[in-house]
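Scroll down for the structure; my scribbles are underneath it.
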Amino acid sequence: MTIEARGVVKSFGAFKALDGVDLKVANGELLALLGPSGSGKTTLLRIIAGLEWPDAGEILFDGENALDRGARERHVGFVFQHYALFRHMNVFENVAFGLRVQPRRIRKTEAQIRARVKELLDLVQLDWLADRYPSQLSGGQRQRIALARALAIEPRILLLDEPFGALDAKVRKELRQWLRTLHHSINVTSIFVTHDQEEALEVAHRVVVMDKGRIEQVGSPSDVYDSPATAFVHGFIGESIMLPVEVTGGAVHLNGRPLDIAVEGGAAGASTLFVRRHDMLIGPADSGTLHGAVTHVRSFGPVQRAEIALTEGSTIEIDAPRDRELRIGDRVGLKPRHYRIFAGG
Amino acid sequence: MSVLAPRRSTLPGFGLTMGLTLTWLSLIVLIPLAGLFVRSTDLSLAQFWDIVTSRRTLSALKISFGLSFAAACVNLVMGTIVVWALVRYRFPGRRLFDAIVDVPFALPTAVAGVALTALFAQKGWLGAPLAAMGIKVAFTPLGIFIAMIFIGIPFVVRTVQPVLIDLDPEIEEAAASLGASRWHIVTKVILPSLTPALLTGFALAFARAVGEYGSVIFIAGNLPNVSEIAPLLIVIRLSEFRYADATAIAVVMLVVAFVIIFAVNRLQRWAQSQAST
């Protein structure tokens, strides 16, 4: 099923949660809504689910207006950040709930319900927990049960609100891969909300980056990482060095000194130079276009992270290959390999 | 103590608190109750049996327990509705209503009794229209029933309120997105989550109504066998210096009340284990 949002606006009092959002989700897609807290991503998800109503705009499911149907009629599977399992029911009854509350004329028989629940518990690999109560499960298990419960009604759309938000780092990583595999096998149009860029980039087919109630960029994980459309996206995704620069007379100036880099379409005026940490090449003191002294070095993983105090005043952190020896006090020259200049300070 | 408590507990003070608890409960509750039982042994078994099976005693016990049970049932239903409105909706005067719920706690019961009697007497504000319909409230068992509802309502409201406030709205949203109707959400999700608190509130309201004296005797009319509650009968026997009779009735009340509250307690434990094992 395709989902389309057109000009969706939603305010909570004076706070504008969504400020004109347009989005199309293709059938069978796995989409991530990524943004900092307060960016409106959860509000958008809740509006699609029918748990919240927009002040203006449209939501279309397969081209049909979804707003004249409530949450109950939308047939949307929703997985909550804190699971929202029914504490007084065991795992089996939690998963069976959606089947038991169906209108009598389409309700399945007890045997059919049992078979379906068994199938779902097998799918989330937790069939051995059927008799337990939610409080006896770990966070990861609860999340998978919540997912099984949402899938029981054979939803046309699956929505997940920060599905791994409350889990520890290791379990998150496992569940990420598991979710991708699961989506592949059930192939339901799915949207998940996250503030974790790694999660979004690793799991989703497409990533929607949101900030302050607006969509900043929609694209594949490599699109949003390699070609950020806005300063916000560049700053939010991946780790970037940001330097306030001035574009005048076709040259980029840092603190009044021209830099040896092309303007590349940056508009004249106060701007910001964005460089990924690993895209800042490090060389001898007389090379490059930026100069400074190493003030701190940490080595871990495949790179070493060096803190460099620029002669222009700011301090930046760069990632350098480990085979290049860096010591505190070394004077170095720097040159950005890839960079972007966005208007605004 | 080392037998009862693990030798090195992470929660120290078991011996001290347990000792204080036992001493205190003995002084305040157990010794007076034991005195009651001892006093009743002044009677032979046959005498005891005669007193508690006399028509007047049985009627009084039936009125006390029967009406208390009925009043607790009404409070359970109405209290739940009141809690729902107070917790779930924002309306003008909500805080005022919330405060009013506590009035039966604070009001001297005799004052409540006099007020209710004035209200429901044949010339009272409510009594007059009811009398016109042929319903007599004051000086009948119906009056007792109303007084018991009055004093019991805050117990249900105050025990259920915090639990309903803590009930995560996401639970209801989850149920709705799974296709549950409003009716299913209330009966299958909300009420089962509230059950332990509802049972506690019911038990408290019931216990309070059984023990209630002040407000009831004003409105009851106190006709033997018709509208005489057991606590009043005890007081009457005391004023007649028939102490043994009084204690015999008291012992029966005590045992019945204890059995009922114990049963509700077990039920509540069971409900709680269903809710959050």
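Read-outs: derived from the displayed coordinates by stated rules, not from any lab. As the structure is a computational prediction, the values presented were derived from the model and not from experiment. Glycine also receives a Cβ, built like all others from the backbone with ideal geometry; neighbour counts cover every protein chain displayed.
Results, tabulated for the structure shown:
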| item | result |
| --- | --- |
| Whether the protein assembly as shown is rounded, prolate or oblate, judged on the alpha carbon gyration tensor where a/c under 1.5 counts as rounded | prolate |
| C-alpha center-to-center spacing [region B:227-277, region A:289-345] in angstrom | 81 |
| Approximate spin-label separation residue B:190-residue B:168, in nm, with each point projected 7 Å along Cα-to-Cβ | 1.8 |
| Chain A: proportion of alpha-carbon pairs further apart than 25 angstrom, % | 61 |
| Spherically averaged projected area in nm², based on the convex hull that wraps the Cα atoms of chain B | 20.8 |
| Label-point gap, in nm, between residue B:106 and residue A:56 - each point 7 angstrom along Cα→Cβ | 5.0 |
| Residue A:303-residue B:17 FRET efficiency (beta carbon distance; Förster radius 45 Å; 0.05 resolution) | 0.20 |
| Between helix A:169-186 and chain A: long-axis angle, C-alpha atoms, 0 to 90°, nearest 10 | 60 |
| Fraction of beta bridges assigned by DSSP in the protein assembly as shown that are antiparallel (%, nearest 5) | 80 |
| Whole-Å distance, taken between Cα centres, linking region A:2-36 and region A:112-191 | 24 |
| Set of lysines with alpha-carbon distance to residue B:188 below 20 Å, sequence-local pairs under 8 removed | A:108 |
| Rounded, prolate or oblate (a/c below 1.5 giving rounded, otherwise prolate when a/b exceeds b/c) for region B:1-99 by Cα gyration tensor | oblate |
| Karplus (6.51, -1.76, 1.60) ³J(HN,Hα), θ = phi - 60°, over region A:333-344, in Hz, Gly and Pro reported as x | x, 10, 8, x, 7, 10, 7, 9, 10, 10, 4, x |
| Set of lysines near residue A:173 by C-alpha distance (under 29 Å), chain-local residues within fewer than 8 positions excluded | A:24, A:41, A:118, A:212 |
| Charge dipole magnitude, Cβ of K and R +1, D and E -1 - chain A, Cα centre, debye nearest 20 | 1240 |
| Whole-angstrom gap from region B:166-202 to region A:269-284, using each part's C-alpha centre | 55 |
| Cβ-Cβ FRET estimate between residue A:278 and residue B:10, R0 fixed at 41 Å, reported to 0.05 | 0.25 |
| Whole-number percent relative contact order across region B:44-276, with pairs defined as alpha carbons under 8 Å at least 6 apart | 32 |
| Modelled FRET efficiency - R0 60 Å, residue A:174 with residue B:128, Cβ distances, 0.05 increments | 0.20 |
| Rounded tilt (10° steps) of A:139-151 against the dominant C-alpha axis of chain A | 60 |
| Under Karplus coefficients 6.51, -1.76 and 1.60, residue-wise ³J(HN,Hα) of region B:107-120 in Hz, glycine/proline x | 5, x, 4, 5, 4, 4, x, 5, 4, 5, 4, 4, 5, 9 |
